[in-house]
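Below is one structure, written out as structure tokens; the observations come after it.
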Amino acid sequence: MQTEASDRGSRGRHREEVGVVTSSRMDKTVIVSVERASLHPLYKKVVRVRRKFFAHDESNECRAGDRVRIAECRPLSKNKRWRIVEVVEKAPGV
């Protein structure tokens, strides 16, 4: 039988991903595209698989092209279940 203290420790762990901001047009929200390599089951070719996540950006600091780390969190809106942890690399240019 586990105690409540050991349950709290496991509940604090959240999944993290690193991706590229594709859109920052909304207020306090960015769309992050996370890309991973997957092997095709029949043809055994490496295929790039992309997934879009809506992430919360409290300070509106992210711009399109930035590489960011996002973490899972409680639902913040209909689509937002992730938040920006840090900006790993700013987009080149402006």
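Things to note:
- Amide H to amide H, with H built 1.01 Å from N, Val85 comes under 5 Å of Arg69, Ile70, Ala71, counting only residues 5 or more places away or on other chains.
- Under the simplified labelling scheme, the Val47-Ser23 pair shows an inter-label distance of 2.4 nm, with each label point 7 Å from Cα along Cα→Cβ.
- Estimated [θ] at 222 nm from DSSP helical runs (n ≥ 4, -39500 (n - 2.57)) normalised by residues in the chain, nearest 500: -2500 deg cm²/dmol
- For the chain, a/c is not less than 1.5, where a ≥ b ≥ c are the root eigenvalues of the C-alpha gyration tensor, and a/b does not top b/c. That puts it in the oblate class.
- Computed 3J(HN,Hα) for region 72-81, one whole-Hz value per residue from the Karplus formula 6.51 cos²θ - 1.76 cosθ + 1.60 where θ = phi - 60°, is 5, 8, 5, x, 9, 7, 4, 10, 8, 10, glycine and proline marked x.
- Proxy reagent accessibility, fewest Cβ within 10 Å first, across Ile84, Ile70, Ile31: Ile31, Ile84, Ile70
- Among beta bridges identified by DSSP and lying wholly in the chain, the antiparallel ones come to about 95 percent.
- By the rule of a C-alpha distance below 18 Å, with chain neighbours fewer than 8 residues away ignored, the aspartates and glutamates paired with Lys80 are Glu16, Glu17, Asp27, Asp57, Glu58, Glu61, Glu72.
Every number in this text was worked out from the coordinates using simple rules, so none of it is lab data. If you're wondering where the values come from, they're calculated on a predicted model, not measured in any experiment. Quick reminder, even Gly has a Cβ in these numbers, built from the backbone with ideal geometry, and neighbours come from all protein chains shown.
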